[in-house]
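A.B. asks: Here it is, the structure, as structure tokens.
The values are calculated or read from the model by the stated rules, or taken from the named source; none is laboratory data. Keep in mind that what you see is a predicted model, and the values were worked out from it rather than measured. Note that each Cβ is placed from the backbone with ideal geometry, even for glycine, and that neighbours are counted across all protein chains shown. Ligands, DNA and RNA are excluded from the accessible area calculation, which covers all protein heavy atoms including side chains. Shrake-Rupley method; radii C 1.70, N 1.55, O 1.52, S 1.80 Å.
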Amino acid sequence: MEASTPPVPIRLSIAGMGCAGCVASVEDALRAVPGVQNVVVSFVEHTAVVTGTVTAATLVAAVRSAGYDAAELCGLDDENEKDQQDALYAARLLRKTAVSGALAIPLLILGMTDWAPPLESPFWLVAGLATLLVLGYAAQHFFVGAWRAFRNHTANMDVLIALGVGTGWFYSMAVVLFPESIPTLARHVYFEAAVTIVTFLNLGAWLEGRARHRTSASIRNLLNLQPRTARVVRDGHESDVSIADVGLGETLRVRPGERIPVDGIVLEGHSTVDESMLSGEAFAVEKSHGKPVVGGTINQSGTFLMEAQRIGRDTVLAHIIEMVRTAQQSKPTIGRLVDRVASVFVPVVLILAVLTFLCWFNFGPDPRFSYAIVASMTVLVIACPCALGLATPISIMVGVGRAAECGILMRNGEALQQARRLTTVVLDKTGTITSGRPCVTAVRGENSVLPIAASLEVGSEHPIARAILSSAKDQGLLLSAIEGFQALPGRGVEGQVRLEGQTVRATFGSARWMEEQGVDLGDLATDAAELSRTGHTCLFLALDGRAAGLVAVSDPVRADAAAAIQRLRGLGLWVMMLTGDRRATAQAVADAVGVDSVLAEVLPADKAAEIQRLQAAGAVVAMVGDGINDAPALACSDLGFAIGSGTDVAIESADVILLHGSLHAVADAIQLSQATVRNIHQNLVGAFLYNILCIPIAAGILYPLMGILINPMIAGAAMAASSITVVSNANRLRHFRPKHKPLSDESDERGR
């Protein structure tokens, strides 16, 4: 039975969300749609990602029925589509700010001078009507949002603003139209407060939007790597077509200086390609017939023809973009907790505003009614659920984006949060501490050893297998057909091979496997011990249970491995190497790079068991690996790091993918995690303190002690500033630079 294809996520742009309370409303509306499996709504991006057996049209209808608007975002240019919508929205906010400001300024000048006419003057009726017209344009989105929330039995920030501004206008018009009904001391108008509040809020929303736009810089940078056109060769003619029109198997020409349009292989020609986008290496890679090329990398010197093998959303670049987006929009535990707090925030503020009114009206000084109106209006306007709603996701979004720019792909926001809690880092050897590009350095035994070993390793993707095959190819050796082939992970390979007219059973693998089969290695064991002491990996060949020889392979240690490991130790982490290689070989590598401990001759299943043993002892464990035998350990660790050059299985099992392959990226990820979580805490503390301090002050708690009562206009400015502060603080993460800490003398005293 064929495995079912996982549903493709549908990405929607959501309009009309004013605060975190709106997020809960949109999520509830989408989850109620039959067939929906998972919903993630981002208040930062104003988007929703939905997975399940459902159509985009059905989801859009559900969002609209909840009182918001939605449209599907399609293709790799999602961010450009959203940028166009955001630009239109920003332009509307600026126009609204200008219109409300044009009325607010003269009214403020009149309020601060003696030029204001008496309340009996027709001027105030005209001013009231002008204010109504301005509010109908500049504050329309607040009132519409409040009505939608009321109709759907929810409460959001729009409700607070609409009530605050609306109350101020209605009270002022009552004073103008029915002055005799209002106590003499309470006859004040607040038209200037209403339009000034709206001016500040619209200007704040525009500034916040500009700041939020910067948080998406990482996605836009990735999108800019994708060429918009490709040069296709069809029926012998070359023509430029849109990248969306390139089909599988088509022949494309890539000229010097151009970005490679899609993933594929070189058919004809020779060139060098800058692959720093993926590898982080400054040196260009030579490409010739049969070599793979990746979309978004830069062709440098020559021209070549290539065959398109992965297009659209299947390219490496598209997968990277999708992974970054998914991680940015995911919600770690702290984010979900804050969302629950924010969802009840507005109802609590409404209750506090009512209590404020009652307290002033019953116990306040004259004019009680006027004080009650002003204080309750100020409470409604100063409360800011936006700051709470933005505090966590805005930092996660910037942190994940910055990680991607450093070549670190986070699968979700939880991974970014988890990295700071690590106490132990477990490293695989081959392809992680070493370069993963080994070469054959010695062959001992019969002449048939290397060709039979290479024959058994045909088809294997393991770096050692590739080294043996490459050595056999360089020597022009003829390979034999293998029958009854079998691979035993962590041990070796075996099969039947024809040798001098006879069929013999050939086994090729570790010394441990040879011992299990009762093969006497004799002098080969002595040779292997000597080679292992200098860091060589030795594999043995046995024919019909008789030792025939060994192949020694050396995998050089990565140039920066020792420095990266010392840096991890400097961060207070216990660094351990876990490998299936011989103990002597593993110890030689461990001594070269300075890990705290080493465990060798470990089978793949035992790697996972060792991770679990460390966890049972209280360690928070990260596993770093690149091979298929690392997948179980990556999956069961608290945080799995996969080297980007590793196998698909390892990458799919990991929480973090290191595109550049350097162990420094592990330390970078931990430091970025620390910076991001610190940023989240700063935002949350700031948002909570703002509301905890400002709401009581707005309610008038300082009035009996100091005679201080906040003007509603100041409340509007403070509310706008609080959101801008949160977004601006999160944007500081865009300038994060990893710090290379040397190993301190005290670091050896850290707990194990």
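A.B. asks: Which percent of Cα pairs goes in each bin when the distances of segment 358-504 are cut into 5 angstrom slices starting at zero?
C.D. replies: 2, 7, 10, 10, 9, 6, 6, 6, 7, 6, 5, 4, 3, 2, 2, 3, 3, 3, 3, 2, 1, 0, 0
A.B. asks: Could you sort out which of Lys429/Lys739; Lys473/Lys607; Lys291/Lys607; Lys291/Lys429; Lys287/Lys739 sit more than 31 Å apart by Cα distance in this structure?
C.D. replies: Long pairs (Cα-Cα over 31 Å): Lys473/Lys607; Lys291/Lys607; Lys287/Lys739.
A.B. asks: Which value, in nm² and rounded to one decimal, describes the direction-averaged projected area of the C-alpha convex hull of segment 539-667?
C.D. replies: Seen from a random direction, the Cα hull of segment 539-667 projects 8.7 nm² on average.
A.B. asks: Still on this model: Mind ranking 108-120, 671-683 by how tightly packed they are, going by the mean number of other C-beta atoms within 10 angstrom, highest first?
C.D. replies: 671-683, 108-120
A.B. asks: So what does Cys359 come to for accessible area, using a 1.4 Å probe and Å² rounded to 10?
C.D. replies: Number for this one is 70 Å².
A.B. asks: Normalising by the residue count of the chain, find the relative contact order in percent from Cα pairs under 8 Å and 6+ residues apart.
C.D. replies: It comes to 13 percent, rounded to a whole number.
A.B. asks: Arranged from highest to lowest average of other beta-carbon atoms within 10 Å per residue, in what order do the peptides 223-229, 571-577 appear?
C.D. replies: Put in order of decreasing packing, that is 571-577, 223-229.
A.B. asks: Take the alpha carbon atoms of segment 391-435, find their center, do the same for segment 461-499, and report the distance between the two centers in whole angstrom.
C.D. replies: Comparing the Cα centres of segment 391-435 and segment 461-499, I get a distance of 36 Å.
A.B. asks: If you place +1 on the Cβ of every Lys and Arg and -1 on the Cβ of every Asp and Glu, how big does the dipole about the Cα centre of the chain come out, in debye to the nearest 20?
C.D. replies: Around 2060 debye, computed over the chain.
A.B. asks: A follow-up question, please. Ignoring any ligand, DNA or RNA, what whole percent of the accessible area of segment 543-651 comes from carbon and sulfur when the probe is 1.4 angstrom?
C.D. replies: 53 percent
A.B. asks: Using a 1.4 Å probe on the protein heavy atoms only, what accessible surface does Phe123 show? Give it in Å² to the nearest 10.
C.D. replies: Ignoring ligands and nucleic acids, Phe123 comes out at about 80 Å².
A.B. asks: Another question, if that's okay. Evaluated at 10 °C with a viscosity of 1.306 mPa s, what Stokes-Einstein diffusion coefficient in µm²/s does segment 669-735 have when Rh comes from the Kirkwood expression over alpha-carbon pairs?
C.D. replies: 116 µm²/s
A.B. asks: Quantify, in whole percent, the carbon and sulfur part of the accessible surface of segment 423-530 (1.4 Å probe; protein heavy atoms only).
C.D. replies: It is 48 percent, rounded to a whole number.
A.B. asks: For Gly545, what charge total do you get from the other residues with a beta carbon under 14 Å from its beta carbon, if Lys and Arg give +1 and Asp and Glu give -1?
C.D. replies: -3
A.B. asks: Here is a further query. Given the -39500 (n - 2.57) contribution per DSSP H run of 4+ residues, what per-residue ellipticity at 222 nm results for the chain, rounded to the nearest 500 deg cm²/dmol?
C.D. replies: It comes out at -16000 deg cm²/dmol, rounded to the nearest 500.
A.B. asks: Something else about it: Within the chain, which complete DSSP H helices have Cα atoms spanning at least 27 Å along the helix axis and a mean Kyte-Doolittle hydropathy of 1.6 or higher?
C.D. replies: Result, helices passing both filters: 157-177.
A.B. asks: Let me ask you something else. Run the numbers for Ile265 and Ala481: contour at 0.36 nm per residue of separation, minus the present Cα-Cα distance, in nm.
C.D. replies: Extending this stretch completely gives an extra 75.0 nm.
A.B. asks: Another question, if that's okay. Taking Lys96 as the anchor, which aspartates and glutamates have their alpha carbon closer than 18 Å to its alpha carbon, excluding any fewer than eight residues away along the same chain?
C.D. replies: Asp86, Asp158, Glu192, Glu208
A.B. asks: Give the distance, in whole Å, between the Cα centre of segment 279-328 and the Cα centre of segment 86-102.
C.D. replies: 42 Å
A.B. asks: Moving on. Roughly how many Å² is the accessible area per residue of the chain, as a whole number, for a 1.4 Å probe?
C.D. replies: On a per-residue basis, 44 Å².
A.B. asks: Around Leu450, what is the net charge, scoring Lys/Arg as +1 and Asp/Glu as -1 over all other residues with Cβ under 12 Å from its Cβ?
C.D. replies: With Lys, Arg at +1 and Asp, Glu at -1, the neighbours total -1.
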